[in-house]
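Asker: Before anything else, here's the structure in question.
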Amino acid sequence: MASAIGTTKPERPRAEDWRAFARSRIARIIFLWNFAGLLFLIVGVLLLTEMRAGLTEAQFRNLRTQGELITNLLIETGTVEGDPFPYVNESAVQQVMQRILPPIAEGARPGVGRPRVRLFSADGRTIADSDVIHGTLDEQPLPDIGEGSSFSDRLGRAAQRVEYLRLTPWNPTISLEEEQQRALRGEIVSGERLNEKGERVVSVTLPLRRVQQVMGAVTIESADVERILVAERASMIPFMLGATVAIFLSSLLLALFIAHPIRRLATAADSLRLSGMTRLSLPDVSRRKDEIGALGHSLEAMTNALADRIDANERFAADVSHEIKNPLASIQSAVASARAAPNPEQQAQMLAIVAQDVQRLDRLVTDIARASRIETETARGDLDKVDLGNLLFELTRAYAPPPGELAPVAIAFRGARPEGAFVLGQAGPLGQVFRNLIDNARSFSAEGGEVLVSLAIARGKDGQMVRAVVEDSGPGIPPENLETIFERFYTQRPKGAAFGGNSGLGLSIARQIITAHGGRIFAENRDEGGARLVVELPLAATAKP
């Protein structure tokens, strides 16, 4: 029989959903690797920022210390107390600077690796310069005639200059002339700027003062900042590589452990749809211990359940075809016999058989339609709390005969009306189950017999359950048929029962409904005679919808 699979609107995430997400292995892997890459970048930026600030500050302190030593030495050996004012002995100053500042090593760049010291007079004239006191020249080969003068060459050099400035984020603080002017007023001034060669330098300018007279200014500067920046950029490379590797591994993990298996599941589902197969099997995906494995396992279980449903429908269709053929064959035989009957009495007998088979066929079609409708309702309906005690109590009252009449078989509820016997289910299908059980028990009970219905709350393997029992006073069930009676179209009626009055679907429908509600139904014989049918359903507090 066909059934529909209902869909519901997605619910908002609940607290248990967030806890399940926090326990997710895939979520932990994704967050770990993505934040690992981010952590590499953050640590690298923090370390480099701290390094740049610390190195610049250390450079200022170092230059100031050297400048103070050189200034004190020049005051002692390079200045003269004149009359009326002291003055600078330029030749003595140059000799002192030659002694305290060694020559630039061969192949080294001026201002790199050794600070540059310059002495300026009070009127701004350069008295001494450490880059020229040894007679060294910064040699740069000139281009050949005609080279380097074209527009493309000049544009290339300008682009290099712009690129250098773009990669060197800094702001000049003060010019050399401003440093000299402030130093001549007695201040110690530090700053950053570009020198005449276009190099970034840090400098400290100190006043050359004897007693209270400022005779000049000493500027000590270093062009090692460019080298420091290059070293800092080089030190950033490991962090960049680390972040790149972390992001690459994150992408690789996402591709290998999430995207690829999901694509395999989608491909397998498409193949299943196109090939007409009914079962999906991906053992390598289902063995995973994460959500992808759970998804693969769920898809396999879903396709297996659908395949079992299809197989059951095919078997049911075959059983229905077989059951319908029997009364049709009987009708065909009875009609043929009625045509050949020599007298009206035999024709009437054959017509009676035809009427009986038509009634049997009508009962069979009605029960088949009812079974299909109940299965559809069970698949589509939402589960609610059902007071099973109240349902059974009212159901037994409905079987009571009118006042003043006696029922051939009494239907009674044993014990007090139970309280709190709630189950998760649908009242309609559950009522159909117990109507089938009571009708079945009544049909097997002799006239004057009794059918007893009882209900209790008991403890089972999976928690508390509601146990409903329907007992009859009939001949009982053969032990070999205690399970067979729940098969489709199985009938074993008591003697004297009308032929064709039962389709054999009542108990089969009852088991189908109880199984859909997460319970079980079984039959047993009573010691005092008669049969007992037991229905067990999970109590609503522990039931799983």
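The values are calculated or read from the model by the stated rules, or taken from the named source; none is laboratory data. All figures in this text were calculated on a predicted structure; none of them were measured in a lab. Glycine also receives a Cβ, built like all others from the backbone with ideal geometry; neighbour counts cover every protein chain displayed.
Asker: Can you find even one residue in the stretch 316-329 that is without any contact (Cβ under 8 Å) to a residue 12 or more places away in the chain and farther than 18 Å from Leu505 by Cβ?
Answerer: yes
Asker: Continuing with this model, one more query. Just one of Ala318, Ala336 is loosely packed, with under 15 Cβ neighbours inside 10 Å and under 60 Å from the mean Cα position of the chain (by Cα); which is it?
Answerer: Answer to the check: Ala318.
Asker: Another one. Just to confirm my filter: which strands (runs of 3 or more DSSP E) fall fully inside the stretch 372-456 and include at least 3 residues that are at pLDDT 80 or above, surrounded by 14 or more Cβ atoms within 10 Å (Cβ to Cβ) and assigned by TED's automatic domain parsing to the domain that holds Glu471? Steps first, please.
Answerer: Working: elements: 384-387, 410-413, 422-425.
Of the strands (runs of 3 or more DSSP E) lying wholly inside the stretch 372-456, those with at least 3 residues that are at pLDDT 80 or above, surrounded by 14 or more Cβ atoms within 10 Å (Cβ to Cβ) and assigned by TED's automatic domain parsing to the domain that holds Glu471 span 410-413, 422-425.
Asker: Within the stretch 228-248, can you find the residues that are surrounded by fewer than 17 Cβ atoms within 10 Å (Cβ to Cβ) and over 28 Å from Ile29 (Cβ atoms)?
Answerer: Listed by number, the residues that qualify are Val230, Ala231, Glu232, Arg233, Ala234, Ser235.
Residues are listed down the side, and each one gets a yes or a no for (1) within 30 Å of Asp123 (Cβ to Cβ); (2) aliphatic (A, V, I, L, M); (3) modelled with pLDDT of 80 or more; (4) surrounded by fewer than 14 Cβ atoms within 10 Å (Cβ to Cβ):
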site: Glu11; (1), (2), (3), (4): no, no, no, yes
site: Ala22; (1), (2), (3), (4): no, yes, no, yes
site: Val43; (1), (2), (3), (4): no, yes, no, yes
site: Gly54; (1), (2), (3), (4): no, no, no, yes
site: Arg61; (1), (2), (3), (4): no, no, yes, yes
site: Gln94; (1), (2), (3), (4): yes, no, yes, no
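Asker: Of these, Val204, Val230, Val245, which one is of a type in the set (A, V, I, L, M, F, W, C) and in contact with a Lys or Arg (Cβ under 7 Å, 6 or more places away or on another chain)?
Answerer: Val204
Asker: In addition: Out of curiosity, is Met277 outside any helix (DSSP H, G or I), out of contact with any Lys or Arg (no Cβ under 6 Å at 6 or more places or on another chain) and without any contact (Cβ under 8 Å) to a residue 24 or more places away in the chain?
Answerer: Taking the combined requirement at face value, the residue satisfies it.
Asker: List the pairs whose first member sits in the stretch 58-77 and is within 21 Å of Ala223 (Cβ to Cβ), whose second member is surrounded by fewer than 17 Cβ atoms within 10 Å (Cβ to Cβ) and of a type in the set (Val, Ile, Thr), and whose Cβ atoms are under 9 Å apart, counting only residues at least 6 apart or on separate chains?
Answerer: Cβ pairs passing all conditions: Arg64/Ile188; Gly67/Ile188; Glu68/Ile188; Leu69/Ile100; Ile70/Ile100.
Asker: Could you list, in sequence order, all residues of the stretch 467-515 that are at pLDDT 80 or above and in contact with a Pro (Cβ under 8 Å, 6 or more places away or on another chain)?
Answerer: Gly474, Pro475, Ile513
Asker: Quickly run through the stretch 63-72 and pick out the residues that are among the aliphatic types (A, V, I, L, M) and exposed (fewer than 15 other Cβ atoms within 10 Å of the Cβ).
Answerer: As a first pass, look at the stretch 63-72 and keep what is among the aliphatic types (A, V, I, L, M): 63, 69-70.
Scanning the stretch 63-72 gives a single hit, Leu69.
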